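Quick one: the structure is below, and I'll ask about it shortly.
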Amino acid sequence: MATIKKKSIGEQQFGGAIPFGNVTVYRSTLETGATGGALNADSATALAVNDVVMLDTLPQGMMLSDAQIIVSTAMTASVTGSLGFKYVDGVDSTEVPQDAAYFGSSLALNATGRLRCSTSKVPVKLAKEAYLTLTITGAANAKASRLDVIVQGERMGPK
């Protein structure tokens with residue numbers, strides 16, 4: 001299992017002058033090249049089963065409410081994924097545990113479409129800064145693709 005980190009994490013964010021009380025949307029794009037590897041990332045190796053792609057960062061104190069994935073160019077047949085979060089410092093929290101499938105699992109990345117959050121988990125307020133993660137499942141990717149991941153929430157501020 002490899003961990004792939006997109007370059008330019010956090011550059012899509014605008015504003016942030018008020019760290020609490022803001023309904024906000026974070027958007028991240030994952031594009032893969034002809035061989036299936038993530039473009040604009042620290043690894044160009046084809047995405048394999050159990051690879052974790054860190055798409056962007058979500059701020060401490062963000063109340064997570066919804067997510068969707070727009071698959072405009074599908075991945076290889078049988079590729080699915082899980083969308084969740086992992087703390088940047090690598091240390092889990094007992095208050096709000098990391099969850100690789102918080103927004104959904106077995107999400108069909110092998111067909112074009114708009115995938116909505118598929119879980120009924122309670123909204124959580126992130127205990128600390130976290131990566132938005134996509135874990136590849138089902139099969140390895142071996143083709144060019146494009147996914148736009150959109151996360152909605154409210155910036156509540158730390159604690």
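Let me check against my output: what whole-number percent is the relative contact order of the chain, with C-alpha pairs under 8 Å and at least 6 apart? Intermediate values should be presented prior to the final figure.
On the way: 448 pairs, mean separation 62.3, N = 159.
Relative contact order here is 39 percent.
Return the distance in nm (one decimal) between the two label points of a simple spin-label model at I150 and S78, each offset 7 Å from Cα along Cα→Cβ.
Placing both labels 7 Å beyond Cα along the Cβ direction yields 3.2 nm.
In nanometres, what is the gap between the two model label sites at D42 and A2, each 7 Å from Cα along Cα-to-Cβ?
Distance between the two pseudo-spin positions: 1.3 nm.
For an R0 of 35 angstrom, estimate the FRET efficiency from the Cβ-Cβ distance between V88 and A140 and round to the nearest 0.05. Before the final figure, lay out the partial values.
Numbers: r = 27 Å, r/R0 = 0.76.
Taking R0 as 35 Å, the efficiency between V88 and A140 is 0.85.
Give me the tail of P(r) for the chain as a percent: Cα-Cα pairs with distance above 28 Å.
Working: 2007 of 12561 pairs.
Result for the distance tail: 16 percent.
Suppose every Lys and Arg Cβ carries +1 and every Asp and Glu Cβ carries -1, with no other charges. What dipole size does the chain come out with about its Cα centre, to the nearest 20 debye? Let's see the in-between values first.
On the way: 14 positive and 13 negative charges, 47 e Å.
Approximately 220 debye in magnitude.
If I take R0 = 22 Å and measure r between the Cβ atoms of T35 and R114 in this structure, what FRET efficiency does the formula 1/(1 + (r/R0)^6) give, to the nearest 0.05? Intermediate values should be presented prior to the final figure.
Details: r = 26 Å, r/R0 = 1.20.
In this case the efficiency is close to 0.25.
Do any trypsin sites (Lys or Arg not before Pro) in the stretch 71-121 lie in a loop, going by DSSP, with at most 16 other beta-carbon atoms within 10 Å of their beta carbon, and if so which? Please report the intermediate quantities before stating the final value.
On the way: sites: K86, R114, R116, K121; in loops: K121.
Listed in order of number, the matching sites are K121.
FYI, it's all coordinate maths here, none of it is from the lab. From a predicted model like this one, the values you see are computed outputs, not experimental measurements. With ideal geometry, Cβ positions are generated from the backbone for all residues, glycine too; neighbour counts draw on all protein chains shown.
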